[in-house]
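Each value in this text was obtained by applying a stated rule to the coordinates, not by laboratory testing. None of these values were measured; they are calculated from a predicted model. A quick note on method: Cβ atoms are made from the backbone with ideal geometry, for glycine too, and the neighbour counts reach across all protein chains shown.
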Amino acid sequence: MTEEIVKSALSKVLYPGFTKDIVTFGFVNNIVISGSDVSFIVEITSSAPEVAQQIKDDAMSELKSVGAGNVTCTVKAPLIPRESSSRGKNIAPQVKNFLMVSSGKGGVGKSTTSVNIAIALAAQGKKVGLLDADIYGPNIPRMMGIADIKPEVNGNKVLPIKAYGIEVMSMGSLMEPGQSLIWRGAMIMKAIEQFLRDILWSELDVLVIDMPPGTGDAQLTLAQSVPVTAGLTVTTPQGVSLDDSRRSLDMFRKLNIPIAGIIENMSGFIAPDTGVEYDIFGKGTTQPMADEFETKIIAEIPIEPSIRVGGDDGKPITFVSPSSETAKRYMKAAESIWATIEDINAKGGVDNQAVQPTTPPGVSACSTSSAPKSKHEHGSGACSTSAAPKPKHEHGSDGCGCH
Ligand SMILES: Nc1ncnc2c1ncn2[C@@H]1O[C@H](COP(=O)(O)OP(=O)(O)OP(=O)(O)O)[C@@H](O)[C@H]1O
Ligand SMILES: [Mg+2]
C-alpha cells in the first residue's frame, strides 16, 4: 500500500452534499501506512454526526476495494456549539436555549409539534428536553409513550423521564391519571417556576416547551423566569385559527421573544389510498400572517392518520417513520429552528430584563389593574383537586392584561 493509492482511493469519497471529494477539499491529514493497514485523519467543518459517519463508511469501502487491511479513519468535527449568549433572569441556567411552542387556539397541534420537533432536534445531535407546560391538559406523557411512568424523586428535586432520547417532564407525570386540577393565577406561576427550577434537567442544548393555548400567565411567567430564545407558533389554515395565531405572534413581540417561524398544521389531507391531496381548511392563508410578522412558514404538516395514531399510542411519527414525508418536514423545520437559535445567539442572544415584574408577586406584570385580581389566590401555593369536570383551558382574565 502506498500513499498515492490511499489518496487516489480517498479522492473518490465525496464530501456529503457536495460534488467535491475530501482530498480536493484538503480535509485528509496524517496518512500512516503499515503494510496493508492504513490510518488517517479527516478534519471536517460540519458538526452533524451523519456527515462524519458517511465519510467513514465511504472511505472504508474505497480503501477496502484497493486492498487495504485494517483501516482507521478518525473524523475530527467541530463541537456542536452549546453556548448561549442570552442574558437576564434564568432559573434553569444549565439549559442553553428555550423554545416556546404556542398557539392562540387550542387543539391545533402544539403538543404534536412539540414532540416531533423535540425528537427531530435530538436526531440532529442536540441534547433536548421537552417540558409540558400545559398544566390544564397535559398530553405529552401519552404522546411520548410514558403515561404509566412516574418520575424518580431526589429530595425535593424530580428527575426528568427519558424517552426517545430526550428528557421529559409534565404535570401529567406528577398527577394520578384522570385527576383534575383547578388552577389559580399564583399557582400557575409557581408550577411553571418549579418545572424549571426543581426538575433536574441535564445540560441541555434546548428545552422545547409545549404551552397551554392562548396568551396567559403561563406564557408570561415562562418569559420572566428564563430568557426564551425563540418562539414557534402552530396554526391551522382556517381564518379563525389565524386570528388567534396573530395574538400568539403578537405576544412573542410583546415579550421580546424572537419568532422562529410558523408551523401550518393540518395543512391539506393526502388520501392514503389514492394520494390525491384535499384542501380541507384552505391553503395559502398563513403566508400573509407570516409576512406581517416578518417570519416564515417552516413546515406545512398534512392531516395524516398516522400522526393522530402516533400521538394516541405514544409512537411519534418522526421517531417511528423517519423516512415518511411528514417526518422529513419536521426534520427540516427543526433545522430551520436551530439555525434561527444559532443566529440569535451569534447576534448577542435574548434578554428578558424588560419583561420582569414591576408589580407585587402574583399580579401579572402588564396587568392594567394594580390591585390583585380576585382570581389570583396569593400564598396558597398548593393545587386544589376536584372531582368536578376540569374546565378545559380556562384562562379567563388570569392572563397578561396587555392582550
Ligand atoms: N397533522 C395532523 N394529522 C392528524 N392528526 C393530528 C395532526 N396534528 C394533530 N393531530 C391530532 O389532533 C389532536 C390535537 O393535537 P394536539 O393535542 O397536538 O393539539 P394541541 O394544540 O396541543 O391541543 P391543546 O390546545 O388541547 O393542548 C391530537 O389527537 C393529535 O394527535
Ligand atoms: Mg397540547
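Couple of notes before you dig in:
- Of all the options Val309, Val115, Val226, the one that moves most in a Gaussian network model of the chain with Cα springs shorter than 10 angstrom is Val309.
- Gaussian network model of the chain, springs between alpha carbon atoms under 10 Å - residue of Pro272, Pro212, Pro258 with greatest fluctuation: Pro272
- Amide proton proximity set for Ser180, modelled H, under 5 Å, gap of 5+: Ser386
- Ordering Ser39, Ser111, Ser173 by the number of other Cβ atoms within 10 Å of each residue's own Cβ, fewest first, gives Ser39, Ser173, Ser111.
- Furthest towards positive pole of dipole, Pro302, Ala122, Asn154, structure part the range 98-355, Cβ charges: Asn154
- With each label modelled as a point 7 angstrom along the Cα→C-beta vector, the Arg87-Leu14 pair spans 4.6 nm.
- Which of Thr236, Thr274, Tyr136, positive extreme of dipole for the chain (C-beta unit charges): Tyr136
- Of Lys56/Lys126; Lys89/Lys332; Lys20/Lys315; Lys76/Lys157; Lys56/Lys328; Lys20/Lys283, pairs whose Cα-Cα distance is over 28 Å: Lys89/Lys332; Lys20/Lys315; Lys76/Lys157; Lys20/Lys283
- Theoretical FRET efficiency, 1/(1+(r/R0)^6), r = Cβ-Cβ of Val32 and Arg308, R0 35 Å, to 0.05: 0.05
- Among the helices of the chain, those built from whole DSSP H runs whose Cα atoms reach 27 Å or more along their own axis and whose mean Kyte-Doolittle hydropathy is at least -1.0 are 325-346.
- Between the amide H of Asp351 and those of Arg87, distances stay under 5 Å, these residues lying 5 or more places away or on another chain, with hydrogens modeled in the peptide plane.
- Compactness of the chain as Cα Rg over 2.2 N^0.38 Å, two decimals: 1.13
- Take the Kirkwood radius over Cα pairs of the range 1-103, plug it into Stokes-Einstein at 4 °C and 1.567 mPa s, and you get 82 µm²/s for translational diffusion.
- Only beta bridges with both residues in the range 100-211 are counted; by DSSP, about 30 percent of them are antiparallel.
- Charged-residue dipole, Cβ positions (Lys, Arg, Asp, Glu), the range 3-76 about Cα centre, Debye nearest 20: 60
- Entry note, the range 3-76: relative contact order of 34 percent, from Cα contacts under 8 Å with a spacing of 6+ residues.
- Full-extension gain in nm, Lys76 to Ile182, via 0.36 nm per residue minus C-alpha separation: 32.8 nm
- Cβ charges +1 (Lys, Arg) and -1 (Asp, Glu), total dipole of the chain, debye: 840
- Between Thr295, Thr24, Thr229, the residue with the greatest mean-square fluctuation in the GNM of the chain (Cα pairs under 10 Å linked by springs) is Thr24.
- Length released on extending from Asp343 to Val153, taking residue separation times 0.36 nm less the Cα-Cα span: 64.7 nm
- For the chain, the antiparallel share of DSSP beta bridges with both residues in that region comes to about 30%.
- Cα-based shape type of the range 172-280, given that a ≥ b ≥ c are square roots of the gyration tensor eigenvalues and the cut on a/c is 1.5: prolate
- Placing unit charges on the Cβ atoms of the charged side chains and taking the dipole of the range 98-355 about its Cα centre, the candidate lying farthest along the positive direction among Val355, Ile257, Pro322 is Val355.
- Once the Cα-Cα distance is subtracted from the 0.36 nm per residue extended length, the Ala271 to Lys283 segment shows a gain of 2.7 nm.
- Computed from point charges on the beta carbon alone (+1 for Lys and Arg, -1 for Asp and Glu), the dipole magnitude for the range 134-228 about its Cα centre is near 180 Debye.
- The range 77-138 and the range 1-50: distance between their alpha carbon centers, rounded to Å: 37
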